[in-house]
Amino acid sequence: MKKNLYFDVKKCMACRTCELVCCVGHSLVKELSKAIKEKQIVLPKIKVSANSGKNFPITCRHCKDARCIDACIARALTFDNEKKEVIHDKEKCVGCWMCVMVCPYGAIRPDKQARIPVRCDHCIEIGEPQCAKSCPTKAIIFKEETGD
Amino acid sequence: MKHIYIIGNSAAAISAVESIRLHDQESQITIISEEEYPAYGRCLISYLLAGDIPESKLNLRPADFYQQNKVDLLLGKKVVELSVKKRRVTLDDGEKKEFDVALIATGARPDMPEIKGIGKQGVSGFRTLNETKELISIATFAKAACVLGGGLIGLKAAYALKKRGLNVLVIVKSKHVLSQVLDDLGAKMVGRHLEAKGIEILIDQDVSEIIGNGQVRAIKLLSGKAIEASIVIVGKGVKPNIQFLKESGINTDFGILTNEYLETNVQGIFAAGDVCQSFDLVRGAAFINALWPNAVEQGRIAGLNIVGKNLKYIGSLSLNAVEFFGLPIVSMGLKKAEPGCETLEASNGKAQIYKKFILKDNHLKGFIGIGNIKNSGIFLRMIREGVDISSVKNDLLSDSFSYAKVMDLFGKDGLYSNYQEQK
Ligand SMILES: Cc1cc2nc3c(=O)[nH]c(=O)nc-3n(C[C@H](O)[C@H](O)[C@H](O)COP(=O)(O)OP(=O)(O)OC[C@H]3O[C@@H](n4cnc5c(N)ncnc54)[C@H](O)[C@@H]3O)c2cc1C
């Protein structure tokens with residue numbers, strides 16, 4: 001089953017803890033005080049944005065028919081059929097920004113310094129999304145997909 | 001059992017194979033390609049020329065892709081004729097092959113102008129891996145290169161050769177580089193950026209002759225001036241590969257004309273990719289937007305229609321994302337306002353930031369982003385889906401613009417459905 005991130009917008013207070021733990025979780029040392037001293041500062045792959053009094057964490061939703069995969073000229077973006085996730089291979093990526101140009105949610109942003117797209121990988125390295133784990137109001141939930 | 005022939009072996013072809021095989025394991029599939037390589041990332045040849053990536057990174061699929069998908073691969077063979085009546089293709093070695101269904105995915109080739117000396121060694125289009133390898137071998141001992149044409153291909157070539165340490169001069173016929181991709185202000189910004197990085201740009205000029213004894217030594221400008229160069233790259237647009245269809249009875253214009261199912265006027269013969277003149281969403285007319293994502297999407301739809309899915313292709317639009325020396329650029333749809341259009345724009349020349357939206361009757365028709373390209377996928381969607389954006393017009397230029405501001409426009413789509421209010 002595909003797991004995905006869900007957001008209970010009523011509970012989101014826009015405290016941006018998710019953004020912070022996302023950065024730390026993707027840093028080399030995985031510790032805030034040291035992470036901010038790393039040469040390549042990691043950008044958050046989730047961003048909270050407000051509209052009409054509600055807060056919306058915006059991040060990659062690992063679309064099944066992902067437009068970013070079609071657009072990728074380097075075959076750096078692929079769909080992992082087992083995990084049901086969009087995988088990005090940094091080694092193959094050439095930083096052309098085609099994926100940024102086609103993401104229907106604006107959930108892929110350019111990291112101009114690192115020349116790679118910033119997008120959610122469900123914290124593949126750590127094993128569980130740090131945003132969901134750390135959200136103080138439990139507004140971010142990582143659970144099995146309920147169907148598109 | 002059906003025998004499907006795919007002519008061409010690139011973005012459109014590969015994507016077609018994958019969608020056919022999702023539904024049909026039985027039919028025989030044969031791919032014929034003039035190039036002798038398994039499918040590779042054509043858009044990556046400028047990175048290869050620059051020395052940014054090794055050749056091994058060009059592979060689009062694992063080595064066993066064709067075997068896994070039960071595809072007979074005929075490499076290094078060119079289709080020289082297609083007979084609709086006999087449902088048969090003739091190869092350049094004289095061999096004839098019969099098909100039940102065909103997909104023409106032959107792409108395009110550089111449009112080489114008729115300039116004296118264009119055939120000299122060192123003068124090249126910039127389209128294939130072989131051309132790139134040849135260019136790399138010359139570039140290792142060359143000092144100077146000229147690029148004819150200031151479009152995306154020309155500038156990508158210029159960027160690559162500059163990164164290799166050559167002196168590069170780009171000769172542009174019009175008043176600006178990227179005249180098809182950007183408006184004047186955007187083009188000036190990018191032009192200045194390239195010049196600051198050491199690429200010379202000569203506007204309002206053209207080449208009258210290529211000089212050299214077998215090997216190019218210099219180019220001669222219309223003004224009469226000669227400029228030394230041991231490499232000349234021609235980036236003056238592309239032409240669809242349709243020569244072999246001349247007598248076939250398949251309808252062509254600039255490219256192959258298809259209906260909305262990407263089928264030609266001949267039943268069971270489809271076209272996709274750079275060769276296919278399908279529908280342009282913004283122009284509202286048949287047009288080729290020769291781009292990688294369009295080729296992939298068209299290949300998929302043609303493939304699915306080959307297995308009888310009857311899918312309509314909504315059309316393509318002009319679409320570009322590129323980066324030159326740290327400056328990201330996105331452009332889509334209209335670049336210059338037409339009569340009756342409304343323009344919203346903000347620019348900061350010093351910070352190298354430019355954003356421009358072109359609207360018609362409160363519908364987005366075009367977007368240019370330089371320096372800041374965030375959210376451009378949302379703008380693309382606005383154009384593709386043709387939504388009325390009057391309610392969010394004032395947010396477009398704002399730094400706090402995001403999907404949250406516009407999600408109601410698109411109905412309950414993918415990400416929207418992930419916003420759930422729990423009890
Ligand atoms: C340097 C460069 C950079 C690019 N960068 C980008 C980019 O950043 N973004 C983007 O969207 N697009 C980019 N493009 C455009 C993109 O590469 C094309 O849109 C895409 O390759 C089209 O794919 P296709 O499958 O239609 O055909 P093609 O890739 O053109 O392939 C067609 C194949 O068919 C073969 N063929 C042709 N005629 C015959 C015949 N008669 N018999 C047998 N085989 C034949 C050809 O040899 C070729 O191998 C770039 C192109 C170039 C050259």
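The values are calculated or read from the model by the stated rules, or taken from the named source; none is laboratory data. Quantities reported herein were computed from a predicted structural model and do not represent experimental measurements. Cβ: placed from backbone, ideal geometry, glycine included. Neighbour counts: every protein chain shown. Please note that ligands, DNA and RNA were not included when accessible areas were found on the heavy atoms of the full protein model with its side chains. Shrake-Rupley method; radii C 1.70, N 1.55, O 1.52, S 1.80 Å.
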Of all the residues that make up the stretch B:1-15, how many are more than 14 Å from residue B:73 (Cβ to Cβ) and assigned to a helix (DSSP H, G or I)? 3
Among the residues of the stretch B:217-230, what is the count of those that are part of a strand (DSSP E or B), touching a residue at least 24 places away in the same chain (Cβ under 8 Å) and surrounded by fewer than 23 Cβ atoms within 10 Å (Cβ to Cβ)? 3
Being in contact (Cβ under 8 Å) with a residue 40 or more places away in the chain, open to solvent by 30 Å² or more (accessible area, probe 1.4 Å) and β-branched (Val, Ile, Thr) narrows it down to one residue among B:171, B:199, B:153; which is it? B:153
Candidate set from the stretch B:276-296 (those that are touching a residue at least 60 places away in the same chain (Cβ under 8 Å) and within 11 Å of another protein chain (Cβ to nearest Cβ)); member that is farthest from the ligand (Cβ to nearest atom): B:296
Please pick out the residue among A:79, A:142 that is aromatic (Phe, Trp, Tyr), closer than 23 Å to residue B:402 by Cα and either open to solvent by 30 Å² or more (accessible area, probe 1.4 Å) or more than 8 Å from chain B (Cβ to nearest Cβ) (or both). A:142
Which residues, taken from the stretch B:13-29, are within 16 Å of the ligand (Cβ to nearest atom) and over 12 Å from residue B:60 (Cβ atoms)? B:16, B:19, B:20, B:29
Please verify whether the stretch A:78-88 includes one or more residues that are away from the ligand (no atom under 16 Å from the Cβ), basic (Lys, Arg), closer than 23 Å to residue A:114 by Cα and not assigned by TED's automatic domain parsing to the domain that holds residue A:142. no
Among the residues of the stretch B:276-296, write down those that are open to solvent by 30 Å² or more (accessible area, probe 1.4 Å) and small (Gly, Ala, Ser). B:284, B:285, B:286, B:290
Residue B:328 being outside any loop (DSSP other than H, G, I, E, B), open to solvent by less than 10 Å² (accessible area, probe 1.4 Å), of a type outside the set (A, V, I, L, M, F, W, C) and within 14 Å of chain A (Cβ to nearest Cβ): yes
Could you say whether any residue in the stretch B:80-96 is buried (at least 18 other Cβ atoms within 10 Å of the Cβ), closer than 26 Å to residue B:237 by Cβ and within 11 Å of the ligand (Cβ to nearest atom)? yes
Can you tell me which residue in the stretch B:97-111 is surrounded by the most Cβ atoms within 10 Å (Cβ to Cβ), limited to those that are away from the ligand (no atom under 14 Å from the Cβ) and not β-branched (Val, Ile, Thr)? B:100
Got a number for residues in the stretch A:53-63 being open to solvent by 30 Å² or more (accessible area, probe 1.4 Å) and either more than 9 Å from every other protein chain (Cβ to nearest Cβ) or at pLDDT 95 or above (or both)? 1
Assess whether residue A:119 counts as being under 24 Å from residue A:28 (Cα atoms), touching a residue at least 60 places away in the same chain (Cβ under 8 Å) and facing chain B (nearest Cβ under 7 Å). no
Those residues of the stretch A:118-132 which are in contact with a Gly (Cβ under 9 Å, 6 or more places away or on another chain) and surrounded by fewer than 16 Cβ atoms within 10 Å (Cβ to Cβ), in sequence order: A:125, A:126
For the stretch B:314-325, enumerate the residues that are under 16 Å from residue B:288 (Cα atoms), outside any loop (DSSP other than H, G, I, E, B) and touching a residue at least 40 places away in the same chain (Cβ under 8 Å). B:319, B:320
Please go through the stretch B:372-423 and pick out each residue that is open to solvent by less than 30 Å² (accessible area, probe 1.4 Å) and in contact (Cβ under 8 Å) with a residue 60 or more places away in the chain. B:380, B:383
Could you pull out the residue among B:273, B:237, B:299 that is within 12 Å of the ligand (Cβ to nearest atom), surrounded by fewer than 17 Cβ atoms within 10 Å (Cβ to Cβ) and closer than 30 Å to residue B:377 by Cβ? B:237
If you take the residues in the stretch B:122-139 that are within 9 Å of the ligand (Cβ to nearest atom) and polar (S, T, N, Q), which one is surrounded by the most Cβ atoms within 10 Å (Cβ to Cβ)? B:132
Mind listing whichever residues of the stretch B:336-367 are away from chain A (no Cβ under 12 Å), among the hydrophobic types (A, V, I, L, M, F, W, C) and open to solvent by less than 20 Å² (accessible area, probe 1.4 Å)? B:357, B:358, B:359, B:364
Filter result for residue A:90 (away from every other protein chain (no Cβ under 13 Å) and basic (Lys, Arg)): no
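Would it be correct to say that residue B:74 is assigned by TED's automatic domain parsing to the domain that holds residue B:275, near the ligand (Cβ under 9 Å from one of its atoms) and not polar (S, T, N, Q)?
Spelling it out, residue B:74 is indeed assigned by TED's automatic domain parsing to the domain that holds residue B:275, near the ligand (Cβ under 9 Å from one of its atoms) and not polar (S, T, N, Q).
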